[in-house]
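Read through the structure below, which is laid out as structure tokens, and then see the notes.
The values are calculated or read from the model by the stated rules, or taken from the named source; none is laboratory data. Note that this is a predicted model, so its numbers are computed, not measured. A quick note on method: Cβ atoms are made from the backbone with ideal geometry, for glycine too, and the neighbour counts reach across all protein chains shown. SASA here: full protein model, heavy atoms, side chains in, ligands and nucleic acids out. Shrake-Rupley method; radii C 1.70, N 1.55, O 1.52, S 1.80 Å.
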Amino acid sequence: MNVSTSKLLARRQLLLSARAAARREPYRCFSCSIRHEQQTPPPPGENGNRTTHFGFETVAEALKEKKVATVFSSVASSYDTMNDLMSLGIHRLWKDHFVRNLNPGSNPLTSRSPISPGWNILDIAGGTGDIAFRMLDHASTLNHDAHTRVTVADINPDMLAEGRKRALSTPYARTPRLDFVEANAEHLDMIPDASIDLYTVAFGIRNFTDKDAALREAFRVLKPGGVFACLEFSKVNSALFDAVYKRWSFGAIPLIGQLVAGDRDSYQYLVESIEKFPSQTEFRDMIERAGFLVPGKGWEDLTGGIAAIHKGVKPVEGMI
């Protein structure tokens with residue numbers, strides 16, 4: 001065998017070895033690895049391989065919380081704009097109606113107790129303070145209550161930072177009447193049992209990974225007779241109106257999100273999350289299963305069902 005033949009055989013052997021190694025080693029690509037990590041369900045023992053929805057996408061439960069956090073970190077500074085797009089600007093009227101209907105605060109002129117401690121309100125997923133500020137304004141102005149206090153709890157630090165910044169332009173900043181805490185609605189370990197008069201969540205619960213767990217926690221922290229109140233996008237109750245609204249939601253909102261905020265994906269998720277949220281009847285039944293008494297039919301439709309207000313009351317001892 002001459003020298004040239006030996007070199008040729010050596011190169012061939014080297015090429016074959018390289019190909020074999022390539023078959024053994026997966027292709028290393030950062031973006032591919034991220035996609036693989038997102039698509040691979042957790043191994044047995046981690047959340048029992050349970051999955052949930054992230055918009056129309058099915059993901060591992062452990063992953064949804066991270067993906068939702070990314071969405072709301074992205075939209076924190078443009079949260080009002082987001083809700084304007086999602087509701088055609090009507091969300092401000094819905095929130096005003098939500099708060100008036102709950103009538104927070106103890107009016108010292110009508111209260112049976114000579115010493116009125118005010119209400120202890122927990123506003124979940126309320127990072128920007130939108131509902132909290134309305135609650136405190138209503139209690140102070142209409143019910144002449146200077147003691148009602150609101151704890152704003154949110155899992156997202158960027159949303160809380162936005163709320164703290166907005167609070168500086170209100171009378172409640174740096175007072176005992178308003179507090180912001182980072183917390184997961186499914187595990188409110190820092191809130192004692194039976195300590196809350198009113199639990200509110202507005203346009204937040206559809207993003208929770210385990211809604212049933214959050215409802216059970218709401219039941220735990222509420223005092224007997226305390227109220228769970230939820231304002232959320234829901235199911236439109238007219239087929240024609242529903243068709244128009246869905247065309248707007250899926251056709252226009254993600255595009256506007258791209259143009260206004262440079263973020264099409266977050267707005268696409270948000271419209272998909274509305275579509276995946278339970279119907280009014282289904283959500284009412286979830287509230288009842290958590291132990292609440294549901295007044296009347298259990299909800300009030302707003303603007304033809306684009307949104308709905310749900311309520312539940314924690315029974316007092318002896319209540320049927």
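The table for this structure:
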quantity	calculated
Residue match in region 187-210 (condition: closer than 30 Å to Thr303 by Cα and basic (Lys, Arg))	yes
Options Phe208, Phe241; residue that is open to solvent by less than 60 Å² (accessible area, probe 1.4 Å), at pLDDT 85 or above, in contact with a helix residue (DSSP H, G or I) (Cβ under 6 Å, 6 or more places away or on another chain) and among the hydrophobic types (A, V, I, L, M, F, W, C)	Phe208
Residue that is part of a strand (DSSP E or B) and over 18 Å from Val313 (Cβ atoms), where the choices are Thr209, Thr170, Thr128, Thr151	Thr151
Filter result for Ile115 (open to solvent by 40 Å² or more (accessible area, probe 1.4 Å), over 19 Å from the mean Cα position of the chain (by Cα) and modelled with pLDDT under 95)	yes
Given (1) farther than 28 Å from Tyr269 by Cβ; (2) open to solvent by 20 Å² or more (accessible area, probe 1.4 Å), index of the condition Phe180 fails	(1)
Selection from region 131-148 of residues that are under 20 Å from Arg92 (Cα atoms) and in a loop (DSSP other than H, G, I, E, B)	Leu142
Extreme residue, least open to solvent (accessible area, probe 1.4 Å), among residues of region 261-302 that are at pLDDT 95 or above and of a type in the set (Val, Ile, Thr)	Ile287
Residues (open to solvent by less than 20 Å² (accessible area, probe 1.4 Å) and part of a helix (DSSP H, G or I)) located in region 212-229	Ala213, Ala214, Leu215, Ala218, Val221
Count of region 183-199 residues which are open to solvent by less than 50 Å² (accessible area, probe 1.4 Å) and either in a loop (DSSP other than H, G, I, E, B) or free of Cβ contacts under 8 Å to residues at least 24 places away in the same chain (or both)	7
Qualifying residue in region 114-134 (condition: touching a residue at least 40 places away in the same chain (Cβ under 8 Å), in contact with a Pro (Cβ under 7 Å, 6 or more places away or on another chain) and not hydroxyl-bearing (Ser, Thr, Tyr))	yes
Options Glu300, Glu272, Glu282, Glu232: the member that is more than 20 Å from Leu122 (Cα to Cα) and assigned to a strand (DSSP E or B)	Glu300
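Yes/no per residue for (1) at pLDDT 75 or above; (2) over 17 Å from the mean Cα position of the chain (by Cα):
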{"site": "Glu61", "(1), (2)": "no, no"}
{"site": "Glu65", "(1), (2)": "no, no"}
{"site": "Tyr79", "(1), (2)": "no, no"}
{"site": "Ser87", "(1), (2)": "no, no"}
{"site": "Asp96", "(1), (2)": "yes, yes"}
{"site": "Asn101", "(1), (2)": "yes, yes"}
{"site": "Asn107", "(1), (2)": "no, yes"}
